[in-house]
Amino acid sequence: MTGVDTAELPALAIRGAALFFPLLPLIALCLLRPPGRRETAAMIVATAWSLLALVPLNLVALHIGWWDFHAEGAVWQGIPVDLLLAWAVLWGALPALALRYLPVPLLVVVLVWFDTLFMPLAEPVVVLGPWWVLGELAGTAVGLIPALLLAHWTLRGTLVHTRMWAQAFLALGFMVVLPVAVAAPEVAGLSGPVLSAAVQALALASLPGLAAAREFAAVGNGTPLPYDPPARLVTSGPYAYVRNPMQATVVCVYLVLGVLHPVLLLGAVVALACAAGFAAWHEGAQLRAAFGERWEHYRRGVRPWVPRWRPWPDRAEGALYVAAECSVCREVRAWVEARRPVRLRVSPAADHPEVLFRLTYEDTLGNRWSGVRALARALEHVNLGWALVGWALSLPLVRHGVQLCTDAFGGGPRASRPETVAR
């Protein structure tokens, strides 16, 4: 018999219906009112989070028997790819647009009810185990609810640091974990020392991109997503050294991965081509339109791919406040000044209008960092080598550990001057 086996028609019908069910209302909502930039950003992050959560969820479900798939064609690791994408749209883009009309809690209830009602009807493609409801609850907790919260925060422009870290996690998943799992799963079987060295090299290669994303959030009040960009031109952090730090980081990450498996070198080529095209479009249109001559001035001073050794001389200025009566602090000040930092003003902490309790760094926008984080920010004004050290010190667990050690060895908080008691 040629063509499609009639025995397969019910399965094909179920897979087709599952794919088009979330797409049709999504298209209808877009036609009813085209999504704006923030809605587009919310749709992207919600769908990406859902997809990244659904992959391990289904792998676990298959392993412990929450459910099973009986499908042929377009299947990866036993999971029908079309059903996976449809599920991601159902839990991502569609509810992100539906937030126009319904609040997050109600959407969660509606979507869980829909899944609970219709998953049993997906046989013979989806065969449910006796404890499949536990899988539904797990998926709701790690996939649906975080995706909707990300969409909600993106639509309202709130919790920018949380959104930035979520996007960094998504970048790790989609640009490192999934490509390795799909194209080179044997990498996970490398010997311990090789794998450890690879992880350290990847961490080092990722530092500029992660620091650039943090700079977008802290200084620009935006995220790396083009539809949710910074509101200000960011010239500090990695942007004082290279114009495209995040794109360059992706290329470097794939070069490191390519050492582990040659096929992953293709990722570096694709990333470079896509990043170059995106950078040309983004720089030529959005940044020039948004920032005009300031952008052109920055563009003339900072290269797109090859970093400077010293920071751009016109980068955003910073101020480091150091307690003059603290001997350790004075040594830190002398060390920093001896390296001729660029656009860094070093002043006694007593000159600050407020009473400071730690080494403090401030930028021109009023953002403030203290302790180890302040030193890390000051290192960005020295050169690329010390900037890398500063970006590593700024990582959450690293900075907390270093700060704890610093406090234990006598670098704890102390007032920069006696506090004035109001009478």
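The values are calculated or read from the model by the stated rules, or taken from the named source; none is laboratory data. All figures in this text were calculated on a predicted structure; none of them were measured in a lab. No Cβ is skipped: glycine too gets one built from the backbone with ideal geometry, and neighbour counts run over all protein chains shown.
Data for the structure
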{"item": "Criterion: over 18 Å from residue 252 (Cβ atoms), small (Gly, Ala, Ser) and not assigned by TED's automatic domain parsing to the domain that holds residue 104 - qualifying residue of 220, 209", "result": "220"}
{"item": "Candidate set from region 370-397 (those that are touching a Phe, Trp or Tyr at 6+ places or on another chain (Cβ under 7 Å) and under 11 Å from residue 321 (Cβ atoms)); member that is surrounded by the fewest Cβ atoms within 10 Å (Cβ to Cβ)", "result": "374"}
{"item": "Residues within region 38-59 that are closer than 23 Å to residue 133 by Cα and either without any contact (Cβ under 8 Å) to a residue 40 or more places away in the chain or of a type in the set (Ser, Thr, Tyr) (or both), tallied", "result": "5"}
{"item": "Subset of region 119-143 [outside any helix (DSSP H, G or I) and charged (D, E, K, R)]", "result": "123"}
{"item": "Qualifying residue in region 389-405 (condition: in a loop (DSSP other than H, G, I, E, B), touching a residue at least 24 places away in the same chain (Cβ under 8 Å) and among the polar types (S, T, N, Q))", "result": "yes"}
{"item": "Every residue from region 192-249 that is at pLDDT below 90 and of a type in the set (Phe, Trp, Tyr)", "result": "227"}
{"item": "Residue among 389, 398 that is more than 26 Å from residue 315 (Cα to Cα) and within 24 Å of the chain's Cα centre (by Cα)", "result": "398"}
{"item": "Conditions (1) more than 30 Å from residue 315 (Cα to Cα); (2) surrounded by 14 or more Cβ atoms within 10 Å (Cβ to Cβ): number failed by residue 182", "result": "(2)"}
{"item": "Helices (runs of 4 or more DSSP H) lying entirely in region 21-118 (those with 2 or more residues that are surrounded by fewer than 19 Cβ atoms within 10 Å (Cβ to Cβ), touching an Asp or Glu at 6+ places or on another chain (Cβ under 8 Å) and β-branched (Val, Ile, Thr))", "result": "104-118"}
{"item": "Residue that is over 23 Å from residue 400 (Cβ atoms), out of contact with any Gly (no Cβ under 6 Å at 6 or more places or on another chain), surrounded by fewer than 16 Cβ atoms within 10 Å (Cβ to Cβ) and in contact (Cβ under 8 Å) with a residue 12 or more places away in the chain, where the choices are 325, 337, 354, 317", "result": "317"}
{"item": "Region 297-309 - residue that is of a type in the set (D, E, K, R) and touching a helix residue (DSSP H, G or I) at 6+ places or on another chain (Cβ under 8 Å) and, of those, nearest to residue 234 (Cα to Cα)", "result": "299"}
